[in-house]
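Only one structure is covered here, and it is reproduced in the block below.
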Number of protein chains: 2
Amino acid sequence: MPRQRGWWKRRLRGRGCRLTVPRQAILELLSKSSEHLSAEDIYFKVKKIYPAIGLTTVYRTLELLVNMGVVSKFDFGDGRARYELAANSEDEENHHHHLICTSCGKVINYTDFVNQEKELIEKTENKLATKYNFEINNHQIQFYGICPNCKK
Amino acid sequence: MPRQRGWWKRRLRGRGCRLTVPRQAILELLSKSSEHLSAEDIYFKVKKIYPAIGLTTVYRTLELLVNMGVVSKFDFGDGRARYELAANSEDEENHHHHLICTSCGKVINYTDFVNQEKELIEKTENKLATKYNFEINNHQIQFYGICPNCKK
DNA sequence: TTTGCTATTGAAAATCATTTTCATAAACAT
DNA sequence: ATGTTTATGAAAATGATTTTCAATAGCAAA
Ligand SMILES: [Mn+2]
Ligand SMILES: [Mn+2]
Ligand SMILES: [Zn+2]
Ligand SMILES: [Zn+2]
């Protein structure tokens, strides 16, 4: 059982990356937030705890974490990337799909998959992997529509 | 049975939009291309047939067509939006999902859905529509991985 | 602990896709 | 044909993300 705190430290070190204060501050923040934060959102929030942080570092750290698979990056069409933790701890995954309002931009996470959903995705992955000789390691699914508020 | 050519003319006019030369040139091009074109790609290609075209107009036209549902806009993570015709004619749909190489950016369309795929998506749509009171009218699915070329 | 190497940082400047502005031109209802 | 808009294109503005570069801080080794 991995420790609840700092499970990413080994991951960083394992990659030969240094365990710096800004990186820890960013990860600390992300693990407490559930929203879909932009780089700037993260910058301002981290700044409250660690005022020396630079926006550049936020971008660089996010890129690193995305490459490591620790953070997921999304584009919901409003011109800025959104980030969120891909996993809540070493083993616990945080995988979900999105429901997006094309009118106001509201984004909803949904994890209550239809029973067959997971298994179908796996099946599809396998089929695609075979047919196109791809090594598939991730996917995104999003539904677009009009939210209750914008319907009125 | 709608005419093969110019089925979008009525659609534009139906919206109270004018049927201009630039718009027709852009639609003409899109209907001949199968790739995932950026606004700039489209700009240069259209320029060959209609040299007076402006990049601004390309952006504006694409936005209009996306709002009309005639064109689909995608973000494959390379910093520029990609566009393609959402339908090849009045009734014929061109819906498909994507397989994206995270190493070189190669994008593959796939339409050979697993049998249950379509029906599951509908089922999921209905479930989400009910649960979150959303009016769902579109979706995107993409799988990320490493393409044959990048594996080597 | 101290040292030395090198990855990392932050500020400022640069990039670059997309948007806005604005004067002119083209659609099209009449 | 005419007049009213809508649409266009050039140029400038915007704004998110990247690059540059000198200074700093992690950390492996002594
Ligand atoms: Mn999410
Ligand atoms: Mn496609
Ligand atoms: Zn909404
Ligand atoms: Zn590739």
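What follows is calculated from the coordinates using simple rules that are stated; it is not laboratory data. Being a predicted model, the structure only gives us computed values, none of them experimental. Don't worry about glycine lacking a Cβ; one is built from the backbone with ideal geometry, like all the others, and counts go over all protein chains shown.
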Worksheet entry | Solution diffusion estimate, µm²/s, Stokes-Einstein, segment B:96-152, Kirkwood Rh from C-alpha pairs, 25 °C, viscosity 0.890 mPa s | 186
Discussion item. Just want to confirm a number: the relative contact order over segment B:72-130, from Cα pairs under 8 angstrom separated by 6+ residues, in percent.
Written reply: 18
Worksheet entry | segment A:1-51 - Kirkwood radius from inverse mean 1/r over Cα pairs (Å) | 11.9
Practice prompt. Could you estimate the translational diffusion coefficient of segment B:26-152 from the Stokes-Einstein equation, with Rh from the Kirkwood formula over C-alpha pairs, at 20 °C and 1.002 mPa s, in whole µm²/s?
Written response: 130
Worksheet entry | Kyte-Doolittle at least 1.6, axis length at least 30 Å by Cα - qualifying DSSP helices, chain A | none
Worksheet item: Under 17 Å from the 7 Å Cα→Cβ point of B:Asp75, by amide nitrogen: which residues of segment A:93-127?
Response: A:97-109
Discussion item. Sequence gap at least 6, Cα distance under 8 Å: using those rules, report the relative contact order of segment A:1-110 to the nearest whole percent.
Written reply: 21
Worksheet entry | Efficiency of FRET from Cβ geometry, B:Ser103 and A:Lys9, R₀ 25 Å, rounded to 0.05 | 0.35
Practice prompt. Would you tell me the mean number of C-beta atoms belonging to other protein chains that fall within 10 Å of each C-beta in B:118-127, as a whole number?
Written response: 4
Worksheet item: Can you list, bin by bin at 10 Å, the percent of alpha carbon pairs in the protein assembly as shown, starting at 0?
Response: 5, 22, 30, 26, 13, 4, 0
Practice prompt. Set the Förster radius R0 to 22 Å, insert the Cβ-Cβ distance between B:Glu122 and B:His36 as r into 1/(1 + (r/R0)^6), and round the FRET efficiency to 0.05.
Written response: 0.30
Worksheet entry | Rg/Rg_ref, segment A:1-91, where Rg_ref = 2.2 N^0.38 Å and atoms are Cα | 1.03
Fill in: A:Asn149-B:Arg60 FRET efficiency (beta carbon distance; Förster radius 41 Å; 0.05 resolution)
0.90
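Taking neighbour counts of Cβ atoms within 10 Å as a proxy for exposure, in what order, fewest first, do A:Glu90, A:Glu125, B:Glu93 appear?
If I rank by nearby Cβ atoms, fewest first, I get B:Glu93, A:Glu90, A:Glu125.
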Response to the item:
Between the alpha carbon centres of segment A:7-64 and segment A:82-121 the gap in Å comes to 21
Worksheet item: How many nanometers, to one decimal and shortest first, lie between the label point of B:Phe44 and those of its other copies, if labels sit 7 Å from Cα toward Cβ?
Response: 3.9
Worksheet item: If the cut-off is a Cα-Cα distance under 16 Å, which lysines reach B:Lys152, setting aside same-chain residues fewer than 8 apart in sequence?
Response: B:Lys106
Worksheet entry | Expected 222 nm ellipticity per residue - DSSP helices of 4 or more, -39500 (n - 2.57), all of chain A, to 500 | -13500 deg cm²/dmol
Practice prompt. Just the isolated ones, please: cysteines in chain B lacking another cysteine beta carbon under 4.7 angstrom.
Written response: B:Cys17, B:Cys104, B:Cys150
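Taking K and R as +1 and D and E as -1, what net charge do the other residues with C-beta under 12 Å from the C-beta of B:Ser72 add up to?
-1
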Fill in: chain B: most fluctuating residue of B:Lys118, B:Lys47, B:Lys106 per GNM, C-alpha cutoff 10 Å
B:Lys118
Practice prompt. Please identify, among A:Lys123, A:Lys45, A:Lys73, the residue showing maximal mean-square fluctuation in a Gaussian network model of chain A using a 10 angstrom Cα cutoff.
Written response: A:Lys123
